[in-house]
Amino acid sequence: PNKRAGPETGFTLDLGCVKKAEGVRLKNTHNRQYRDRSTKKFRLLGSPTSAEGPWQTLLEANLEDSRQQRPPPIKQLMFENPQNVRFIKFELLEF
């Protein structure tokens, strides 16, 4: 949704089976030709059993403002404590 952030704003990925998650590669957005959007702060959570949780925090980090990047770079982030997960939840905390 427009102009919304918080734990209820984001998406959940189903990896299809339990895998050891050691990190993630992300590419920030900028809303195509308008270049008026960019994720600032986010949190990744993991669950081995359900898209409803229980969740364990994998990472909380900031991304660079991508609105003027051409193209926005892919950023690789490693988890401090790799975990076995099937579901990864992305929470948009600030934009």
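Surface composition of the stretch 45-95: carbon plus sulfur atoms contribute 47% of the solvent-accessible area (1.4 Å probe, protein chains only, all chains present). Packing here is the average count of other Cβ atoms within 10 Å per residue, and on that basis the peptides 52-59, 15-22, highest first, run 52-59, 15-22. Taking all protein chains as shown and a probe of 1.4 angstrom, ASP65 keeps an accessible surface of around 80 Å². For MET78, project a label point 7 Å along Cα to C-beta. Then give me every residue of the stretch 38-63 with its amide nitrogen under 16 Å of that point. Of the residues in the stretch 38-63, 59-60 have backbone N under 16 Å from the label point off MET78. Looking at the chain, the accessible area is 69 square angstrom per residue; that uses a 1.4 Å probe and ignores ligands, DNA and RNA. Taking all protein chains as shown and a probe of 1.4 angstrom, THR29 keeps an accessible surface of around 70 Å².
Spin-label pair LEU15-LYS3: with each label point 7 Å from Cα along the Cα-Cβ axis, the two points sit 3.8 nm from one another. Labels on offer are (i) 1.06; (ii) 1.12; (iii) 0.99, and the one holding Rg/Rh (Cα atoms, Kirkwood Rh) computed from this structure is (iii).
The values are calculated or read from the model by the stated rules, or taken from the named source; none is laboratory data. Predicted model only: the values in this text are computed from it and were never measured. Cβ sites come from the backbone with ideal geometry, for glycine too, and all protein chains shown count toward neighbours. Surface accessibility is based on the protein's heavy atoms, side chains included, excluding ligands, DNA and RNA. Shrake-Rupley method; radii C 1.70, N 1.55, O 1.52, S 1.80 Å.
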